[in-house]
1. Quick one: work out the % antiparallel among DSSP beta bridges in the range A:331-421, nearest 5.
2. As a test of reading the structure, rank A:Arg18, A:Arg341 by solvent-accessible area (1.4 Å probe, protein chains only), most first.
3. Shape call for the range A:264-324 from the C-alpha gyration tensor, a ≥ b ≥ c root eigenvalues: rounded (a/c under 1.5), prolate (a/b greater than b/c) or oblate?
4. Net charge within 10 Å of A:Leu336 by Cβ-Cβ distance, Lys/Arg positive one each and Asp/Glu negative one each, not counting A:Leu336 itself?
5. Around A:Arg287, under 9 Å between beta carbons, what's the net of Lys plus Arg minus Asp minus Glu among the other residues?
6. Out of every Cα-Cα pair in chain A, what percent are more than 31 Å apart?
7. Taking the solvent-accessible surface of protein heavy atoms with a 1.4 Å probe, what is the per residue accessible area of the range A:161-303 in Å²?
8. Could you please state, rounded to a whole Å, how far the C-alpha centre of the range A:305-347 is from the C-alpha centre of the range A:17-89?
Amino acid sequence: MALLFRRPKGTEDVLPDRVGYWQFLEGKVREVASRFGYGEVRTPTFEEAELFARSVGEDTDIVSKEMYTFEDRGGRLMALKPEGTASVLRAYLEHGLHKGGGLTKLYYISPIFRYEKPQAGRYRQSHQFGAEAIGSGEPSLDVEVIDLALSIYRELGLSEVSLLLNSIGCPKCRPSYRQELLKFARAHREELCGDCRRRMETNPLRLLDCKVEGCGRIMAQAPVISQYLCDECREHFEEVKGGLRSLGIPYREESKLVRGLDYYTRTVFEVVHGGLGAQNAICGGGRYDGLVEELGGPPTPALGFAGGVERTLLAMEAEGKLPELDERVEVFVAYLDDPGREALPKVLSELRRAGLRADGSYTGRSLKSQLRQADRMGARYTVIIGGEELAKGMAIVRDMELSEQREVPLDGTPKVLREKLG
RNA sequence: GUGAGCGUAGCUCAGUUGGCAGAGCAUCAGGUUGUGGCCCUGAGGGUCAGGGGUUCGAAUCCCCUCGCUCACCCCA
(Lines give C-alpha, C1' and ligand atoms only; values in the text may rest on other atoms or scores of the structure.)
Protein backbone atom coordinates (compact mmCIF):
# COMPACT_ATOMS: atom_id res chain seq x y z
CA MET A 1 0.00 0.00 0.00
CA ALA A 2 2.83 2.34 0.73
CA LEU A 3 3.91 2.20 -2.89
CA LEU A 4 7.13 3.80 -3.95
CA PHE A 5 5.61 4.86 -7.27
CA ARG A 6 2.12 5.23 -8.62
CA ARG A 7 0.88 6.14 -12.06
CA PRO A 8 0.63 9.86 -12.81
CA LYS A 9 -2.71 11.38 -11.97
CA GLY A 10 -5.20 11.06 -14.78
CA THR A 11 -3.42 8.17 -16.52
CA GLU A 12 -4.44 4.56 -16.77
CA ASP A 13 -2.73 1.19 -16.95
CA VAL A 14 -4.52 -1.10 -19.34
CA LEU A 15 -3.85 -4.62 -18.10
CA PRO A 16 -4.13 -7.82 -20.15
CA ASP A 17 -7.64 -8.53 -18.89
CA ARG A 18 -8.91 -5.38 -20.62
CA VAL A 19 -6.47 -4.73 -23.40
CA GLY A 20 -8.55 -6.91 -25.71
CA TYR A 21 -11.29 -4.30 -25.60
CA TRP A 22 -8.84 -1.67 -26.85
CA GLN A 23 -7.62 -3.97 -29.60
CA PHE A 24 -11.19 -4.68 -30.64
CA LEU A 25 -12.01 -0.98 -30.84
CA GLU A 26 -8.80 -0.14 -32.69
CA GLY A 27 -9.47 -2.95 -35.13
CA LYS A 28 -12.95 -1.62 -35.90
CA VAL A 29 -11.63 1.89 -36.41
CA ARG A 30 -9.02 0.63 -38.88
CA GLU A 31 -11.47 -1.61 -40.68
CA VAL A 32 -14.17 1.01 -41.15
CA ALA A 33 -11.79 3.88 -41.95
CA SER A 34 -10.06 1.83 -44.57
CA ARG A 35 -13.43 0.84 -46.05
CA PHE A 36 -14.14 4.57 -46.43
CA GLY A 37 -10.83 5.11 -48.19
CA TYR A 38 -8.88 6.72 -45.36
CA GLY A 39 -5.21 5.90 -44.82
CA GLU A 40 -3.59 5.74 -41.41
CA VAL A 41 -1.07 8.36 -40.30
CA ARG A 42 1.10 8.19 -37.22
CA THR A 43 2.48 11.51 -36.08
CA PRO A 44 4.85 12.31 -33.22
CA THR A 45 3.65 12.39 -29.63
CA PHE A 46 5.11 15.88 -29.27
CA GLU A 47 5.33 18.84 -31.59
CA GLU A 48 6.42 22.45 -31.43
CA ALA A 49 4.06 24.13 -28.98
CA GLU A 50 3.49 26.92 -31.46
CA LEU A 51 1.74 24.52 -33.83
CA PHE A 52 -1.11 24.10 -31.36
CA ALA A 53 -1.24 27.76 -30.42
CA ARG A 54 -1.69 28.56 -34.09
CA SER A 55 -4.28 25.91 -34.84
CA VAL A 56 -6.30 25.28 -31.71
CA GLY A 57 -6.16 28.90 -30.65
CA GLU A 58 -4.05 30.89 -28.22
CA ASP A 59 -7.00 31.77 -26.00
CA THR A 60 -8.63 28.38 -25.76
CA ASP A 61 -8.45 26.50 -22.46
CA ILE A 62 -6.62 23.70 -24.21
CA VAL A 63 -3.71 25.91 -25.16
CA SER A 64 -3.75 28.51 -22.42
CA LYS A 65 -3.90 26.20 -19.43
CA GLU A 66 -4.02 22.52 -20.37
CA MET A 67 -0.96 21.88 -22.52
CA TYR A 68 1.98 19.84 -21.34
CA THR A 69 4.76 22.05 -22.58
CA PHE A 70 8.47 21.65 -22.02
CA GLU A 71 11.67 23.07 -23.27
CA ASP A 72 13.94 20.53 -24.90
CA ARG A 73 17.71 20.58 -24.48
CA GLY A 74 18.05 22.76 -27.52
CA GLY A 75 15.84 25.40 -25.97
CA ARG A 76 12.82 24.73 -28.23
CA LEU A 77 9.38 24.95 -26.69
CA MET A 78 7.62 21.65 -27.31
CA ALA A 79 4.25 20.25 -26.27
CA LEU A 80 2.69 16.82 -25.91
CA LYS A 81 -0.10 16.93 -28.43
CA PRO A 82 -3.42 17.99 -26.93
CA GLU A 83 -5.42 16.95 -30.01
CA GLY A 84 -4.82 15.23 -33.30
CA THR A 85 -5.80 17.52 -36.16
CA ALA A 86 -2.90 19.98 -35.97
CA SER A 87 -0.29 17.24 -36.24
CA VAL A 88 -2.04 15.60 -39.16
CA LEU A 89 -2.22 18.88 -41.07
CA ARG A 90 1.39 19.64 -40.28
CA ALA A 91 2.39 16.26 -41.69
CA TYR A 92 0.11 16.82 -44.68
CA LEU A 93 1.93 20.04 -45.51
CA GLU A 94 5.41 18.84 -44.57
CA HIS A 95 5.19 15.91 -47.00
CA GLY A 96 3.60 17.90 -49.77
CA LEU A 97 0.45 15.81 -49.86
CA HIS A 98 -1.43 18.91 -50.99
CA LYS A 99 0.66 19.09 -54.14
CA GLY A 100 -0.88 15.96 -55.57
CA GLY A 101 -4.10 17.90 -55.88
CA GLY A 102 -7.47 16.56 -54.97
CA LEU A 103 -8.63 15.09 -51.74
CA THR A 104 -6.48 13.58 -49.00
CA LYS A 105 -8.19 11.30 -46.50
CA LEU A 106 -6.35 10.32 -43.35
CA TYR A 107 -7.16 8.69 -40.03
CA TYR A 108 -5.26 8.16 -36.81
CA ILE A 109 -5.36 6.58 -33.38
CA SER A 110 -3.24 8.48 -30.93
CA PRO A 111 -2.71 9.39 -27.30
CA ILE A 112 -3.44 13.00 -26.41
CA PHE A 113 -2.49 14.97 -23.32
CA ARG A 114 -4.30 17.69 -21.44
CA TYR A 115 -3.54 18.91 -17.94
CA GLU A 116 -7.04 18.55 -16.51
CA LYS A 117 -8.52 17.52 -13.23
CA PRO A 118 -9.63 13.94 -13.82
CA GLN A 119 -13.22 12.82 -13.48
CA ALA A 120 -15.46 10.20 -15.07
CA GLY A 121 -14.48 9.99 -18.73
CA ARG A 122 -11.75 12.60 -18.43
CA TYR A 123 -8.05 11.96 -18.18
CA ARG A 124 -4.70 13.67 -18.55
CA GLN A 125 -3.56 11.12 -21.06
CA SER A 126 -6.42 9.90 -23.18
CA HIS A 127 -6.67 8.41 -26.61
CA GLN A 128 -8.49 9.55 -29.69
CA PHE A 129 -9.27 8.05 -33.03
CA GLY A 130 -10.05 10.54 -35.71
CA ALA A 131 -10.21 11.25 -39.40
CA GLU A 132 -9.46 14.26 -41.58
CA ALA A 133 -10.65 14.83 -45.13
CA ILE A 134 -8.56 17.59 -46.65
CA GLY A 135 -9.11 19.36 -49.93
CA SER A 136 -12.79 19.76 -50.58
CA GLY A 137 -15.52 22.09 -49.42
CA GLU A 138 -18.30 19.93 -50.77
CA PRO A 139 -21.15 19.34 -48.33
CA SER A 140 -21.15 15.70 -49.39
CA LEU A 141 -17.74 15.38 -47.75
CA ASP A 142 -19.22 16.61 -44.47
CA VAL A 143 -21.78 13.88 -44.82
CA GLU A 144 -19.14 11.25 -45.51
CA VAL A 145 -17.09 12.20 -42.46
CA ILE A 146 -20.15 12.10 -40.21
CA ASP A 147 -21.16 8.79 -41.74
CA LEU A 148 -17.69 7.43 -41.03
CA ALA A 149 -17.84 8.44 -37.37
CA LEU A 150 -21.30 6.96 -36.90
CA SER A 151 -20.38 3.81 -38.81
CA ILE A 152 -17.59 3.15 -36.35
CA TYR A 153 -20.00 3.42 -33.44
CA ARG A 154 -22.52 1.23 -35.21
CA GLU A 155 -19.89 -1.44 -35.89
CA LEU A 156 -18.94 -1.35 -32.24
CA GLY A 157 -22.53 -2.22 -31.40
CA LEU A 158 -23.52 1.13 -29.90
CA SER A 159 -27.09 2.22 -30.33
CA GLU A 160 -27.67 4.91 -27.72
CA VAL A 161 -25.85 7.58 -29.69
CA SER A 162 -27.22 10.89 -30.93
CA LEU A 163 -25.78 13.19 -33.54
CA LEU A 164 -25.92 16.89 -32.69
CA LEU A 165 -25.42 19.23 -35.60
CA ASN A 166 -24.97 22.94 -36.12
CA SER A 167 -23.36 25.47 -38.40
CA ILE A 168 -21.31 28.24 -36.87
CA GLY A 169 -20.85 30.16 -40.11
CA CYS A 170 -17.70 31.50 -41.65
CA PRO A 171 -15.44 34.55 -41.14
CA LYS A 172 -17.84 36.46 -43.33
CA CYS A 173 -21.06 35.91 -41.37
CA ARG A 174 -20.03 34.88 -37.89
CA PRO A 175 -18.86 38.34 -36.73
CA SER A 176 -22.28 39.85 -37.28
CA TYR A 177 -23.90 37.08 -35.28
CA ARG A 178 -21.32 37.56 -32.58
CA GLN A 179 -22.23 41.21 -32.39
CA GLU A 180 -25.93 40.44 -32.03
CA LEU A 181 -25.25 37.82 -29.40
CA LEU A 182 -23.08 40.19 -27.41
CA LYS A 183 -25.68 42.89 -27.67
CA PHE A 184 -28.25 40.48 -26.26
CA ALA A 185 -25.93 39.34 -23.47
CA ARG A 186 -25.06 42.88 -22.44
CA ALA A 187 -28.73 43.65 -22.13
CA HIS A 188 -29.09 40.72 -19.70
CA ARG A 189 -25.71 41.07 -18.05
CA GLU A 190 -27.07 41.33 -14.52
CA GLU A 191 -28.98 38.05 -14.82
CA LEU A 192 -26.03 35.99 -16.07
CA CYS A 193 -23.64 33.97 -13.92
CA GLY A 194 -20.06 35.04 -13.32
CA ASP A 195 -18.67 32.52 -15.78
CA CYS A 196 -20.93 33.88 -18.48
CA ARG A 197 -19.87 37.45 -17.83
CA ARG A 198 -16.32 36.27 -18.29
CA ARG A 199 -17.29 34.45 -21.48
CA MET A 200 -18.62 37.70 -22.89
CA GLU A 201 -15.01 38.79 -23.04
CA THR A 202 -13.29 35.54 -23.93
CA ASN A 203 -15.61 33.53 -26.16
CA PRO A 204 -19.14 34.84 -26.57
CA LEU A 205 -20.31 31.77 -28.47
CA ARG A 206 -19.80 29.74 -25.34
CA LEU A 207 -22.53 31.74 -23.65
CA LEU A 208 -24.91 29.49 -25.51
CA ASP A 209 -24.10 26.27 -23.75
CA CYS A 210 -23.82 27.42 -20.14
CA LYS A 211 -25.37 24.79 -17.89
CA VAL A 212 -26.45 27.18 -15.16
CA GLU A 213 -30.24 27.06 -15.16
CA GLY A 214 -30.83 30.78 -15.13
CA CYS A 215 -28.42 31.38 -17.99
CA GLY A 216 -30.02 28.62 -20.00
CA ARG A 217 -33.41 30.26 -19.59
CA ILE A 218 -32.12 33.61 -20.73
CA MET A 219 -30.04 32.31 -23.58
CA ALA A 220 -33.02 30.37 -24.89
CA GLN A 221 -34.28 33.79 -25.98
CA ALA A 222 -30.94 34.73 -27.54
CA PRO A 223 -30.49 35.23 -31.27
CA VAL A 224 -29.96 31.97 -33.12
CA ILE A 225 -27.00 31.64 -35.46
CA SER A 226 -28.97 30.02 -38.25
CA GLN A 227 -30.75 33.34 -38.72
CA TYR A 228 -27.44 35.06 -39.40
CA LEU A 229 -25.67 32.67 -41.76
CA CYS A 230 -24.63 34.09 -45.09
CA ASP A 231 -26.22 32.59 -48.18
CA GLU A 232 -23.26 30.32 -48.89
CA CYS A 233 -23.13 28.97 -45.35
CA ARG A 234 -26.87 28.51 -45.21
CA GLU A 235 -26.86 26.60 -48.48
CA HIS A 236 -23.94 24.46 -47.34
CA PHE A 237 -25.72 23.61 -44.11
CA GLU A 238 -28.92 22.72 -45.94
CA GLU A 239 -27.04 20.41 -48.28
CA VAL A 240 -25.32 18.68 -45.38
CA LYS A 241 -28.66 18.11 -43.69
CA GLY A 242 -30.18 16.90 -46.93
CA GLY A 243 -27.30 14.49 -47.44
CA LEU A 244 -27.70 13.08 -43.96
CA ARG A 245 -31.41 12.61 -44.49
CA SER A 246 -30.83 10.79 -47.74
CA LEU A 247 -28.53 8.37 -45.91
CA GLY A 248 -31.15 7.87 -43.24
CA ILE A 249 -28.90 9.38 -40.57
CA PRO A 250 -30.97 11.04 -37.85
CA TYR A 251 -29.59 14.24 -36.35
CA ARG A 252 -30.67 16.88 -33.92
CA GLU A 253 -30.06 20.45 -34.96
CA GLU A 254 -28.58 22.07 -31.91
CA SER A 255 -28.35 25.82 -32.37
CA LYS A 256 -26.46 26.09 -29.08
CA LEU A 257 -23.73 23.68 -30.15
CA VAL A 258 -20.40 25.50 -30.46
CA ARG A 259 -17.01 23.95 -30.09
CA GLY A 260 -14.02 24.75 -27.95
CA LEU A 261 -11.46 24.94 -30.69
CA ASP A 262 -11.07 28.15 -32.64
CA TYR A 263 -10.52 26.63 -36.04
CA TYR A 264 -14.02 25.44 -36.83
CA THR A 265 -16.12 26.95 -39.61
CA ARG A 266 -19.57 26.04 -40.87
CA THR A 267 -20.46 22.48 -39.92
CA VAL A 268 -19.83 21.40 -36.35
CA PHE A 269 -21.11 18.20 -34.80
CA GLU A 270 -20.94 16.10 -31.72
CA VAL A 271 -21.92 12.54 -30.96
CA VAL A 272 -23.23 12.09 -27.44
CA HIS A 273 -24.06 8.95 -25.53
CA GLY A 274 -26.77 8.46 -22.94
CA GLY A 275 -24.93 6.23 -20.49
CA LEU A 276 -21.97 8.34 -19.51
CA GLY A 277 -22.53 10.95 -16.82
CA ALA A 278 -21.30 14.49 -17.14
CA GLN A 279 -18.79 13.92 -19.95
CA ASN A 280 -21.23 12.56 -22.51
CA ALA A 281 -19.57 13.53 -25.79
CA ILE A 282 -17.86 10.54 -27.37
CA CYS A 283 -17.01 12.37 -30.56
CA GLY A 284 -16.60 15.92 -31.77
CA GLY A 285 -15.76 17.37 -35.11
CA GLY A 286 -16.43 19.87 -37.81
CA ARG A 287 -15.23 21.75 -40.82
CA TYR A 288 -12.11 23.93 -40.65
CA ASP A 289 -11.82 25.67 -43.98
CA GLY A 290 -9.24 28.23 -42.86
CA LEU A 291 -6.86 26.05 -40.91
CA VAL A 292 -4.58 24.68 -43.61
CA GLU A 293 -3.87 28.23 -44.74
CA GLU A 294 -3.36 29.33 -41.15
CA LEU A 295 -0.64 26.68 -40.89
CA GLY A 296 1.16 28.02 -43.94
CA GLY A 297 -0.45 25.98 -46.70
CA PRO A 298 -2.59 27.05 -49.62
CA PRO A 299 -6.25 27.86 -48.96
CA THR A 300 -7.71 24.37 -48.52
CA PRO A 301 -11.15 23.47 -47.22
CA ALA A 302 -11.21 20.43 -44.93
CA LEU A 303 -12.99 18.78 -42.05
CA GLY A 304 -12.56 16.02 -39.53
CA PHE A 305 -13.59 14.52 -36.23
CA ALA A 306 -12.06 12.97 -33.14
CA GLY A 307 -13.59 10.30 -30.95
CA GLY A 308 -12.52 9.43 -27.43
CA VAL A 309 -11.33 5.85 -27.00
CA GLU A 310 -11.90 5.74 -23.24
CA ARG A 311 -15.34 7.30 -23.48
CA THR A 312 -16.30 4.98 -26.28
CA LEU A 313 -15.26 2.01 -24.18
CA LEU A 314 -17.30 3.39 -21.28
CA ALA A 315 -20.27 3.69 -23.61
CA MET A 316 -19.80 0.12 -24.79
CA GLU A 317 -19.64 -1.02 -21.21
CA ALA A 318 -22.81 0.92 -20.38
CA GLU A 319 -24.61 -0.81 -23.23
CA GLY A 320 -23.12 -4.20 -22.42
CA LYS A 321 -21.37 -4.29 -25.78
CA LEU A 322 -17.83 -5.08 -24.73
CA PRO A 323 -16.75 -8.19 -26.65
CA GLU A 324 -16.20 -11.53 -24.96
CA LEU A 325 -12.48 -12.05 -24.67
CA ASP A 326 -11.04 -15.52 -24.98
CA GLU A 327 -7.67 -15.67 -23.31
CA ARG A 328 -7.75 -19.38 -22.61
CA VAL A 329 -4.73 -21.45 -23.52
CA GLU A 330 -5.41 -24.41 -25.74
CA VAL A 331 -2.86 -26.76 -24.29
CA PHE A 332 -1.14 -26.88 -20.93
CA VAL A 333 1.97 -28.98 -20.34
CA ALA A 334 2.49 -30.54 -16.91
CA TYR A 335 5.23 -32.83 -15.68
CA LEU A 336 5.33 -35.73 -13.26
CA ASP A 337 8.98 -35.96 -12.29
CA ASP A 338 12.48 -34.71 -13.08
CA PRO A 339 12.77 -36.31 -16.53
CA GLY A 340 9.42 -34.75 -17.36
CA ARG A 341 10.49 -31.36 -16.06
CA GLU A 342 13.61 -31.48 -18.23
CA ALA A 343 11.62 -32.41 -21.33
CA LEU A 344 9.01 -29.70 -20.81
CA PRO A 345 10.62 -26.77 -22.67
CA LYS A 346 11.03 -28.82 -25.83
CA VAL A 347 7.51 -30.25 -25.73
CA LEU A 348 6.07 -26.79 -25.15
CA SER A 349 8.13 -25.25 -27.92
CA GLU A 350 6.99 -27.85 -30.44
CA LEU A 351 3.35 -27.27 -29.59
CA ARG A 352 3.84 -23.55 -30.11
CA ARG A 353 5.68 -24.06 -33.38
CA ALA A 354 2.69 -26.09 -34.52
CA GLY A 355 0.60 -22.96 -33.97
CA LEU A 356 -1.08 -23.92 -30.72
CA ARG A 357 -1.61 -21.52 -27.85
CA ALA A 358 0.31 -23.43 -25.23
CA ASP A 359 1.67 -22.79 -21.78
CA GLY A 360 3.37 -24.91 -19.18
CA SER A 361 4.27 -25.24 -15.56
CA TYR A 362 7.36 -23.48 -14.34
CA THR A 363 6.55 -23.44 -10.67
CA GLY A 364 8.03 -26.73 -9.51
CA ARG A 365 4.85 -27.79 -7.78
CA SER A 366 2.85 -30.96 -7.46
CA LEU A 367 0.95 -32.42 -10.41
CA LYS A 368 -2.24 -31.59 -8.57
CA SER A 369 -1.39 -27.91 -8.43
CA GLN A 370 -0.24 -27.98 -12.06
CA LEU A 371 -3.61 -29.34 -13.13
CA ARG A 372 -5.31 -26.70 -11.02
CA GLN A 373 -3.31 -24.12 -12.92
CA ALA A 374 -4.26 -25.72 -16.24
CA ASP A 375 -7.89 -25.60 -15.22
CA ARG A 376 -7.65 -21.98 -14.20
CA MET A 377 -6.08 -21.07 -17.51
CA GLY A 378 -8.98 -22.70 -19.27
CA ALA A 379 -6.84 -25.29 -21.06
CA ARG A 380 -8.88 -27.67 -23.17
CA TYR A 381 -6.08 -30.25 -23.13
CA THR A 382 -3.18 -30.99 -20.83
CA VAL A 383 -0.12 -32.87 -21.97
CA ILE A 384 1.41 -34.72 -19.02
CA ILE A 385 4.98 -35.98 -19.35
CA GLY A 386 6.93 -38.27 -17.04
CA GLY A 387 10.05 -40.47 -17.17
CA GLU A 388 8.14 -43.72 -17.55
CA GLU A 389 6.21 -42.53 -20.61
CA LEU A 390 9.15 -40.67 -22.12
CA ALA A 391 11.14 -43.92 -22.05
CA LYS A 392 8.46 -45.36 -24.35
CA GLY A 393 8.36 -42.21 -26.46
CA MET A 394 4.86 -41.49 -25.19
CA ALA A 395 3.01 -38.65 -23.47
CA ILE A 396 -0.36 -38.49 -21.73
CA VAL A 397 -2.93 -36.29 -23.40
CA ARG A 398 -5.75 -35.35 -21.06
CA ASP A 399 -9.04 -33.88 -22.21
CA MET A 400 -9.87 -31.46 -19.42
CA GLU A 401 -13.51 -31.18 -20.34
CA LEU A 402 -14.26 -34.90 -20.52
CA SER A 403 -11.74 -35.90 -17.84
CA GLU A 404 -10.43 -38.57 -20.17
CA GLN A 405 -6.84 -39.28 -21.06
CA ARG A 406 -4.74 -41.62 -23.14
CA GLU A 407 -1.15 -42.14 -24.17
CA VAL A 408 -0.07 -40.68 -27.49
CA PRO A 409 3.34 -40.88 -29.21
CA LEU A 410 5.21 -37.82 -27.98
CA ASP A 411 6.30 -36.54 -31.37
CA GLY A 412 2.77 -36.88 -32.66
CA THR A 413 1.10 -34.77 -29.95
CA PRO A 414 1.20 -31.42 -31.78
CA LYS A 415 -0.53 -32.97 -34.78
CA VAL A 416 -3.09 -34.86 -32.69
CA LEU A 417 -3.94 -31.77 -30.67
CA ARG A 418 -4.20 -29.58 -33.74
CA GLU A 419 -6.73 -31.98 -35.14
CA LYS A 420 -8.70 -32.18 -31.90
CA LEU A 421 -8.81 -28.42 -31.62
CA GLY A 422 -9.78 -28.19 -35.27
C1' G B 1 -8.17 26.29 -10.55
C1' U B 2 -13.12 25.58 -7.25
C1' G B 3 -16.39 22.24 -4.43
C1' A B 4 -18.10 17.57 -2.27
C1' G B 5 -17.46 12.38 -0.88
C1' C B 6 -14.10 8.46 0.23
C1' G B 7 -8.97 5.91 1.76
C1' U B 8 -8.95 -1.13 6.51
C1' A B 9 -5.53 -7.88 3.16
C1' G B 10 -4.38 -8.80 -4.11
C1' C B 11 -10.18 -7.66 -4.86
C1' U B 12 -15.18 -6.40 -2.54
C1' C B 13 -16.14 -4.70 2.12
C1' A B 14 -17.50 -5.32 7.92
C1' G B 15 -15.33 -3.23 12.36
C1' U B 16 -20.49 -1.35 18.22
C1' U B 17 -20.17 4.14 23.32
C1' G B 18 -12.35 4.68 21.81
C1' G B 19 -10.49 -1.56 24.49
C1' C B 20 -6.21 -7.86 21.12
C1' A B 21 -7.24 -6.29 13.10
C1' G B 22 -12.01 -9.29 10.72
C1' A B 23 -15.20 -11.82 6.70
C1' G B 24 -16.12 -13.38 1.64
C1' C B 25 -13.54 -14.04 -2.84
C1' A B 26 -8.56 -14.83 -4.63
C1' U B 27 -3.62 -17.22 -3.54
C1' C B 28 -0.78 -21.47 -1.40
C1' A B 29 -0.71 -26.37 0.98
C1' G B 30 -3.12 -30.81 2.60
C1' G B 31 -7.63 -34.39 2.42
C1' U B 32 -2.34 -41.74 1.49
C1' U B 33 1.41 -43.97 -4.58
C1' G B 34 1.05 -39.93 -10.67
C1' U B 35 -4.51 -36.19 -11.88
C1' G B 36 -8.13 -30.14 -12.21
C1' G B 37 -13.27 -28.26 -11.19
C1' C B 38 -17.44 -29.26 -6.24
C1' C B 39 -16.63 -30.03 -1.00
C1' C B 40 -13.68 -30.14 3.75
C1' U B 41 -9.24 -28.61 6.72
C1' G B 42 -5.28 -25.43 7.34
C1' A B 43 -1.69 -21.49 6.04
C1' G B 44 0.39 -17.00 4.24
C1' G B 45 -0.99 -12.01 3.47
C1' G B 46 -2.04 -5.41 7.14
C1' U B 47 2.76 0.94 8.68
C1' C B 48 -5.93 0.45 9.16
C1' A B 49 -2.98 6.14 3.01
C1' G B 50 1.12 9.18 5.65
C1' G B 51 2.37 12.59 9.65
C1' G B 52 1.05 15.11 14.08
C1' G B 53 -2.42 15.84 18.33
C1' U B 54 -6.09 14.28 22.41
C1' U B 55 -6.20 9.82 25.65
C1' C B 56 -4.10 4.90 30.34
C1' G B 57 -5.42 3.18 25.39
C1' A B 58 -6.98 5.53 18.49
C1' A B 59 -8.79 1.96 12.40
C1' U B 60 -12.46 4.79 15.46
C1' C B 61 -12.07 11.72 17.94
C1' C B 62 -9.24 16.49 16.11
C1' C B 63 -5.58 18.93 12.64
C1' C B 64 -2.30 18.78 8.33
C1' U B 65 -0.48 16.32 3.93
C1' C B 66 -1.04 12.84 0.01
C1' G B 67 -4.10 9.77 -3.00
C1' C B 68 -8.75 8.19 -5.24
C1' U B 69 -13.78 9.32 -6.89
C1' C B 70 -17.58 12.57 -8.56
C1' A B 71 -19.15 17.44 -10.01
C1' C B 72 -18.03 22.64 -11.77
C1' C B 73 -14.91 24.84 -15.57
C1' C B 74 -13.71 22.76 -20.24
C1' C B 75 -13.72 18.89 -23.48
C1' A B 76 -12.82 13.22 -26.40
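The values are calculated or read from the model by the stated rules, or taken from the named source; none is laboratory data. What you see is a predicted model; the values in this text were computed from it and never measured. Here the Cβ is made from the backbone with ideal geometry for all residues, glycine too, and neighbour counts use every protein chain on show. Heavy atoms of the whole protein, side chains included, go into the accessibility calculation; ligands, DNA and RNA do not. Shrake-Rupley method; radii C 1.70, N 1.55, O 1.52, S 1.80 Å.
1. Details: 10 of 18 bridges.
Roughly 55 percent of the beta bridges in the range A:331-421 run antiparallel, per DSSP.
2. A:Arg341, A:Arg18
3. Details: a/c = 4.14, a/b = 2.84, b/c = 1.46.
Prolate, since a/c reaches 1.5 and a/b exceeds b/c.
4. Numbers: positive: A:Arg341; negative: A:Asp337, A:Asp338, A:Glu388, A:Glu389.
Surrounding charge for A:Leu336 is -3.
5. With Lys, Arg at +1 and Asp, Glu at -1, the net is -1.
6. Values: 47140 of 88831 pairs.
Of the Cα pairs, 53 percent sit more than 31 Å apart.
7. Averaged over the residues of the range A:161-303, the accessible area is 47 Å².
8. 30
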